[in-house]
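> Take a look at the following structure, please.
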Amino acid sequence: MIAEIRFRNLLSFRDEAIFSFEADNNKDMESYHVVELTPSIRLLKLAIIYGANASGKSNFIKVCDFIKKFLVRTPTNKGEETGVVPFLMNKNNMAETSDLGISFYIIKKNEQPVKFVYKLSLTKTHIVKEELCYYLSQQPATIFERTFTHGVSTIKFGNKLKLAAAAKEEISLKCLPNMSVFAAYMQVNVNVPEIEEVLAYFRNSVMPAVTPALPLGKYAENRIKEIQNKDYILQYLQEADFNISDITAKEKQTPIGVIQDTIFQHRAQDAQGVDSFYDFPEIFESQGTIRTMGLAGCIQETVSSNAFLAVDEIESSLHPKLIEYIIERFLKESKYAQLLLTTHYDGLLAEEDLLRKDNVWFTEKGSDGSTVLYPLTDFKGLNRISSLQKAYKFGKFGAIPNI
């Protein structure tokens, strides 16, 4: 589970931003929202970010996605750029590094959760510093620490790692200045459990971000071939359109070959109460229905894998009540899974039994073009969650358009 993400000089974020899933001491809806890993470690399952258009909400989602992709990215040569995009609206800091760090817990059955911290400092051309440590006790233990000197990356491995000198040298040789230590490690025939655990975490427990433009239909098609997945997705679809009675993925012969075709079965009832059933291909369904189907598949995998999922503009093509249904169902079904949403739908702030105050975050862009990320808990004197919608609309928290 993710505890914290820190970053600076990335996209529209010039100054350091700190996002946290750590729960406050409030006991509201604790059984649904809070996972207590230990008495002193309480993490939230849900975070929601509000902000005006172009305020930086989507950029934060991109930061989360960048971490996952960069770890395993293997450039073809050392001349390729790293892919990082720094804050571009300040000529004085164009040469500064972009920095990010993520703290997370790896949870294994019948074992104490272990905290890992990964930090990365990079430019468009190379990695300046990279380190990974973990906490088997109160003090951190280094797994690796990588620096950049005289155009060459140097990697130092922790004393607790069982890794032969030859393997260390091979990883160092393969670690180009513009790639991560993880990507270099994956090219060497060695096994370091501590590194394998982190790679598995980002591979299996951090889902690719969902954006409004992302086509999700094909993703769900592959899942509905299994009856358990199909029933789960069908429940979501029936919330979006109560006439849908079934969904199937069938093979269809086309001039370019065999493709998977999703068929939606609709139930219609005549004046005498007699049911009739009609099959329609995906092309006849609404965008809301297709997006709901895809989101259901993503959320099901997130819950079953105890993973993290970021969804940008959750309200895209969805009815507000369906958004509330998705959130409520996720909170009830998830154990260690986490969901990060961006939205403009302030109606969620009027729901007393859905959100906690520490779920809510805001982004606001200043006159200098930089984004600031801040939590609702920074504002004192807020007693009832139901009063928040009005306060937000009247600009008490910022993060609204200047109209």
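The values are calculated or read from the model by the stated rules, or taken from the named source; none is laboratory data. Bear in mind the structure is a predicted one, so any value in this text is a computation, not a measurement. We place every Cβ from the backbone using ideal geometry, glycine too, and count neighbours over all the protein chains shown.
> Just checking, does the range 149-161 include any residue being out of contact with any Lys or Arg (no Cβ under 7 Å at 6 or more places or on another chain), assigned by TED's automatic domain parsing to the domain that holds VAL84, assigned to a helix (DSSP H, G or I) and surrounded by fewer than 19 Cβ atoms within 10 Å (Cβ to Cβ)?
no
> Hey, among ALA54, ALA47, which residue is within 24 Å of GLU313 (Cβ to Cβ) and in a loop (DSSP other than H, G, I, E, B)? Quick ask: steps written out before the conclusion?
Working: ALA47 fails: in a loop (DSSP other than H, G, I, E, B).
Result: ALA54 is the single residue among ALA54, ALA47 that is within 24 Å of GLU313 (Cβ to Cβ) and in a loop (DSSP other than H, G, I, E, B).
> Take ASN25 and tell me if it is assigned to a helix (DSSP H, G or I), more than 21 Å from ILE326 (Cβ to Cβ) and either out of contact with any Leu (no Cβ under 8 Å at 6 or more places or on another chain) or modelled with pLDDT of 95 or more (or both). Break it down into steps so the answer makes sense when it comes.
On the way: assigned to a helix (DSSP H, G or I): no; more than 21 Å from ILE326 (Cβ to Cβ): yes; either out of contact with any Leu (no Cβ under 8 Å at 6 or more places or on another chain) or modelled with pLDDT of 95 or more (or both): yes.
Criteria not met by ASN25.
> Of all residues in the range 57-101, which are within 23 Å of ILE2 (Cβ to Cβ), part of a helix (DSSP H, G or I) and without any contact (Cβ under 8 Å) to a residue 24 or more places away in the chain?
Matches in the range 57-101: LYS69 only.
> Would you check which residues across the range 163-180 are of a type in the set (Gly, Ala, Ser) and either assigned to a loop (DSSP other than H, G, I, E, B) or not assigned by TED's automatic domain parsing to the domain that holds LYS124 (or both) and list them? Reasoning before the result, please.
We begin by selecting, within the range 163-180, every residue of a type in the set (Gly, Ala, Ser); these are 164-167, 172, 180.
Correct list: ALA164, SER180.
> From the list ARG267, ARG291, which one is farther than 30 Å from ASP346 by Cβ and at pLDDT 85 or above? Talk me through it step by step, then tell me what you get.
Working: ARG291 fails: farther than 30 Å from ASP346 by Cβ.
Answer to the selection: ARG267.
> Scan the range 165-192 residue by residue and report those that are under 26 Å from ASP99 (Cα atoms) and out of contact with any Lys or Arg (no Cβ under 8 Å at 6 or more places or on another chain).
Matches in the range 165-192: LYS168, ILE171, SER172, LEU173, LYS174, PHE182, TYR185, MET186.
> Of the residues that make up the range 210-222, is at least one of a type outside the set (Asp, Glu), at pLDDT 90 or above and under 22 Å from PHE330 (Cα atoms)? If you could, list the steps in order and put the result at the bottom.
Going through the range 210-222, the residues of a type outside the set (Asp, Glu) turn out to be 210-220, 222.
In the following step, the residues that additionally are at pLDDT 90 or above were identified as 210-211.
The next check asks that each one be under 22 Å from PHE330 (Cα atoms); those that pass are 210-211.
Taking every residue of the range 210-222 in turn, at least one turns out to be of a type outside the set (Asp, Glu), at pLDDT 90 or above and under 22 Å from PHE330 (Cα atoms).
> Identify, by number, the condition in (1) closer than 30 Å to MET186 by Cα; (2) surrounded by fewer than 20 Cβ atoms within 10 Å (Cβ to Cβ); (3) β-branched (Val, Ile, Thr) that ILE41 doesn't meet.
That leaves (1) as the condition not met.
> While we're here: Going through ALA209, ALA213 one at a time, which residue ends up being within 30 Å of THR262 (Cβ to Cβ), surrounded by fewer than 20 Cβ atoms within 10 Å (Cβ to Cβ) and aliphatic (A, V, I, L, M)? Before the answer, list the steps.
On the way: ALA209 fails: surrounded by fewer than 20 Cβ atoms within 10 Å (Cβ to Cβ).
Only one candidate passes the filter, namely ALA213.
> Next up: Would you confirm, using the coordinates I've provided, whether TYR336 is modelled with pLDDT of 95 or more and either outside the structural domain of THR292 (by TED's automatic domain parsing) or in a loop (DSSP other than H, G, I, E, B) (or both)? Lay out the reasoning, then the answer.
Working: modelled with pLDDT of 95 or more: yes; either outside the structural domain of THR292 (by TED's automatic domain parsing) or in a loop (DSSP other than H, G, I, E, B) (or both): yes.
In short, yes.
> Can you list residue pairs whose Cβ atoms sit under 7 Å apart, with the first residue in the range 120-132 being under 12 Å from LEU100 (Cβ atoms) and assigned by TED's automatic domain parsing to the domain that holds PHE144 and the second being of a type in the set (Asp, Glu) and crowded, with 20+ Cβ neighbours inside 10 Å? Count only pairs 6 or more apart in sequence or on different chains.
LEU120/GLU130
> Just name the residue that is nearest to GLU221 (Cα to Cα) out of those in the range 238-264 that are surrounded by 13 or more Cβ atoms within 10 Å (Cβ to Cβ), among the aliphatic types (A, V, I, L, M) and without any contact (Cβ under 8 Å) to a residue 40 or more places away in the chain.
ALA249
> Could you say which residue among ARG267, ARG223 is surrounded by 13 or more Cβ atoms within 10 Å (Cβ to Cβ) and in contact with a Gly (Cβ under 6 Å, 6 or more places away or on another chain)? First the steps, then the outcome.
Working: ARG267 fails: in contact with a Gly (Cβ under 6 Å, 6 or more places away or on another chain).
Being surrounded by 13 or more Cβ atoms within 10 Å (Cβ to Cβ) and in contact with a Gly (Cβ under 6 Å, 6 or more places away or on another chain) holds for just one of ARG267, ARG223, which is ARG223.
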